[in-house]
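The values are calculated or read from the model by the stated rules, or taken from the named source; none is laboratory data. Bear in mind the structure is a predicted one, so any value in this text is a computation, not a measurement. Glycine gets a Cβ as well: all are built from the backbone with ideal geometry, and neighbour counts include every protein chain shown. When the accessible area is computed, the model is the full protein with side chains, heavy atoms only, and any ligands, DNA or RNA have been set aside. Shrake-Rupley method; radii C 1.70, N 1.55, O 1.52, S 1.80 Å.
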Amino acid sequence: MVYLNYTNLDNETQERLVSVSKKDVEHKFGNDLRRYAQKHRIDYDTLLEEEALRNLYSYDYVFNI
């Protein structure tokens, strides 16, 4: 679960969430993503960014008001 303060959804918080998601995706699927990027000649960093954004939807969020 990700706990967020409802009044603090600024750009810095959003970037932190994407960074955490990138690390999570890279840890789980890093080797598979590298192979896929090589095979299809796609930039790995772009692919990782896209997958990290998709991964954000799998988190459970709790907002404190």
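Before moving on, here are some points about what is shown:
- Dividing the summed -39500 (n - 2.57) terms of all DSSP H runs of n ≥ 4 by the residue count of the chain sets its mean residue ellipticity at 222 nm at -23000 deg cm²/dmol.
- Protein accessible area in the chain, 1.4 Å probe - carbon and sulfur %: 49 percent
- Each other residue within a Cβ distance under 13 Å of residue 25 adds +1 if Lys or Arg and -1 if Asp or Glu, for a net charge of -2.
- Degrees, to the nearest 10: 44-56 long Cα axis against longest axis of the chain: 40 degrees
- Counting only protein chain heavy atoms and rolling a 1.4 Å probe, the accessible areas of 34, 54 rank, largest first, as 54, 34.
- Using alpha-carbon coordinates, inclination of helix 11-40 to the longest axis of the chain, degrees: 20 degrees
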